[in-house]
Amino acid sequence: MAGEQPRASGGNGMLYFIVGALVVGVAVLAWMMFGQAQRPSTAEDAIGRIADSVDDAADSMSDSARDAARNVTPPPAPAPQ
């Protein structure tokens, strides 16, 4: 038994650990980034509601202007000379 060599491990354990840690890190970052896109913040939600109300007000003003233009009587024709 004097000629036996000690078994050397493959040394791939550290490589697997590093690759696994990178995969987990990328997954956590992706979850954080895509999770924020699905839930708007309170400020973004408030801005969205304000934009919707401004859009509704502009539509209402446009409708009112169109109705007012329909109700205007045409000016009298010029008198012949």
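The values are calculated or read from the model by the stated rules, or taken from the named source; none is laboratory data. Since we're looking at a predicted model, the values are computed, not measured. Virtual Cβ from ideal backbone geometry, glycine too; neighbours counted across all protein chains shown.
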Going through (1) modelled with pLDDT of 85 or more; (2) part of a loop (DSSP other than H, G, I, E, B) one by one, residue 21 fails only at (2)
Would you say residue 75 is surrounded by 10 or more Cβ atoms within 10 Å (Cβ to Cβ), out of contact with any Asp or Glu (no Cβ under 6 Å at 6 or more places or on another chain) and modelled with pLDDT under 85? no
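Can you confirm whether residue 49 is assigned to a helix (DSSP H, G or I), out of contact with any Leu (no Cβ under 9 Å at 6 or more places or on another chain), modelled with pLDDT under 90 and of a type outside the set (Val, Ile, Thr)? Before the answer, list the steps.
Details: assigned to a helix (DSSP H, G or I): yes; out of contact with any Leu (no Cβ under 9 Å at 6 or more places or on another chain): yes; modelled with pLDDT under 90: yes; of a type outside the set (Val, Ile, Thr): yes.
Against the criterion (assigned to a helix (DSSP H, G or I), out of contact with any Leu (no Cβ under 9 Å at 6 or more places or on another chain), modelled with pLDDT under 90 and of a type outside the set (Val, Ile, Thr)), residue 49 qualifies.
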